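The values are calculated or read from the model by the stated rules, or taken from the named source; none is laboratory data. Fair warning: this is a prediction, and the values are worked out from it, not measured in the lab. We place every Cβ from the backbone using ideal geometry, glycine too, and count neighbours over all the protein chains shown.
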Amino acid sequence: MNLNLWVVVLLGTQVQQSVSQVVQCFSEFSLPNGICNDLLGEVKQDECCMNPNYGYIAADGVCKSCRRAAWTEWSSWGKCSVPCTEGVRQRHRMCYGIGSCSDPEKLGSLQTEPCVEKECCPVDGGWTEWDNWQPCSVTCEYGIKKRQRTCSNPPPHCGGSCSGEAEETAPCETGVVCPTHGGWSDWGSWGPCGGTCTHEGHNTPKELRKRTCTKPRPSMVPRGRDCDGSDTDSRLCTGLPFCPRDGNWGPWSELAACSVTCGVGRQKQRRMCDSPEPKYGGKQCQGDDQKVGLCTVSVHCPTHGVWTEWGPWGECKPPSKRTIRCRSREGTRRRERDCAERDFEGNFCVGEIVQHGNCYDIEGCEMNAVLSEWSKWSDCKPNCGSKSEQTRERVCIADISAYSSQNIQIFSGIPIIDCKDVPNETQIRACKNVPECP
């Protein structure tokens, strides 16, 4: 292959790679579950993502968000892995958007922690002996009788129960003949109308139907009750209808304005079923009364700013010329954050870009060593399998008891402490009933 042909091939490859792929564009991306909703249609990906609130589905069939990558909120905690005694429960979060999500605390997308639904597990009880049979439920012919027992021998514990029924039934016979009471048969068919039309100002004719007291007939010995109610029913006849007139569509209206002022939206046209409109039971127009097409306003939608994480605290400075280092005198310090990602006239971040705080300067100070309080128990790691465990620790820290504030967060700098006699301590405990790894 000659050089010129190679150049043509390379240029063609670059052009294909730079062309935005055609995707299915959706006007809504659901942050809780990563689902695309409200399909607009097929457009180029860069056109769809002119609106950061949109989502799209490309050839891989996965719904993706047009926004910058960000974590969702943590889901609600799931059910405990066991219904009683200690187990674990889990919750998750997802990273949706373009790019990757920052995770400075290394929390990941799944958290596992111990849980106890019930301190003890159910223990079933035992049944007592059956009671005597109760009297028959009727005073003539056939009925039922009942007897009962209780789950108390021994009683169940911690939500347990007894296996089986607390009540038993059996048929019983009284030896006495019951009377047969009358019952209505089904209604017969409607008879002919009492007239062929309704005269204006006169009563509307009626049509009748009958039924008989034969389902069953009342017995004579012993005497059963006759049927309650009338054996005749009536209703008004309906008049002759007007002739139906079917509807027909009128012309399409002009295209409405695009539904958005930036990015991809919809444009509608409508028509009315009025040429003529249906009347007297005539058929409605068949088909849709509107049609929707896509429209693109070649303007990027605003991207609102989001705060970055706070930067580190700066140096602890004295409020005056007095020395504060290694002394129980408060100074001040500051830290900053940035309002990032704002573009296309999006909103500025709400809040302060600079944060000030009080501090004690202990940089290079010689201080006694003490053990901290125990930290909180960590999440269960790993999130599955029999080797999952929790840890907590207390570590060697500087003794700040001489200072008026015991909040370790406001101390600035690295002191000089000797931890050889105050070693760190770690406790480990196994997490129970953790799900097996897939």
Going through region 99-113 one residue at a time, which ones are free of Cβ contacts under 8 Å to residues at least 24 places away in the same chain and farther than 22 Å from Val62 by Cβ?
Glu105, Lys106, Leu107
Just a yes or no: is a residue in region 331-352 exposed (fewer than 15 other Cβ atoms within 10 Å of the Cβ), of a type in the set (A, V, I, L, M, F, W, C) and at positive phi?
yes
Which of the numbered conditions does Gly293 fail, given that it passes all the others? Conditions: (1) assigned to a loop (DSSP other than H, G, I, E, B); (2) among the small types (Gly, Ala, Ser); (3) modelled with pLDDT under 90.
(1)
Quick check on my filter: what residues within region 207-222 are charged (D, E, K, R) and either modelled with pLDDT under 80 or not in a strand (DSSP E or B) (or both)?
Glu207, Arg211, Lys215, Arg217
Residue among Ser189, Ser185 that is part of a loop (DSSP other than H, G, I, E, B), within 57 Å of the chain's Cα centre (by Cα), at pLDDT 75 or above and loosely packed, with under 13 Cβ neighbours inside 10 Å:
Ser189
Would you mind telling me which numbered condition in (1) touching a residue at least 24 places away in the same chain (Cβ under 8 Å); (2) within 30 Å of Lys387 (Cβ to Cβ) Tyr96 fails?
(2)
So Gln267, is it polar (S, T, N, Q), at pLDDT 90 or above and under 30 Å from Arg342 (Cα atoms)
yes
Here the residues within region 43-79 that are part of a loop (DSSP other than H, G, I, E, B), hydrophobic (A, V, I, L, M, F, W, C) and touching a strand residue (DSSP E or B) at 6+ places or on another chain (Cβ under 8 Å) are Cys49, Met50, Ala58, Cys66, Ala69, Trp74, Trp77
Single match in Glu165, Glu129, Glu173 (criterion: of a type in the set (D, E, K, R), loosely packed, with under 13 Cβ neighbours inside 10 Å and modelled with pLDDT under 90):
Glu173
Single residue of region 416-438 satisfying the filter (part of a loop (DSSP other than H, G, I, E, B) and among the polar types (S, T, N, Q)) that is nearest to the chain's Cα centre (by Cα):
Asn433
Among (1) surrounded by 14 or more Cβ atoms within 10 Å (Cβ to Cβ); (2) in contact with a Phe, Trp or Tyr (Cβ under 8 Å, 6 or more places away or on another chain), there is one condition Cys140 misses while meeting the rest; what is its number?
(2)
Write out, first by first residue and then by second, each pair whose Cβ atoms fall under 9 Å of each other, whose residues are 6+ apart or on separate chains, and whose first residue, in region 217-229, is free of Cβ contacts under 8 Å to residues at least 24 places away in the same chain and among the β-branched types (Val, Ile, Thr) while the second is in a loop (DSSP other than H, G, I, E, B) and surrounded by fewer than 13 Cβ atoms within 10 Å (Cβ to Cβ).
Val221/Val177
Provide a single number: the residues in region 375-388 that are surrounded by 12 or more Cβ atoms within 10 Å (Cβ to Cβ) and closer than 18 Å to Asn424 by Cβ.
3
If Arg392 passes every condition in (1) in contact (Cβ under 8 Å) with a residue 40 or more places away in the chain; (2) closer than 30 Å to Gly87 by Cβ but one, which one does it miss?
(1)
Can you pull out every residue in region 138-190 that is in contact (Cβ under 8 Å) with a residue 12 or more places away in the chain, among the acidic types (Asp, Glu) and over 29 Å from Cys213 (Cβ atoms)?
Glu167, Glu168
Among the residues of region 95-113, is any assigned to a strand (DSSP E or B), buried (at least 16 other Cβ atoms within 10 Å of the Cβ), over 22 Å from the mean Cα position of the chain (by Cα) and at pLDDT below 95?
no
Given the conditions (1) in a strand (DSSP E or B); (2) in contact (Cβ under 8 Å) with a residue 40 or more places away in the chain; (3) not aliphatic (A, V, I, L, M), every one holds for Gln269 apart from (2)
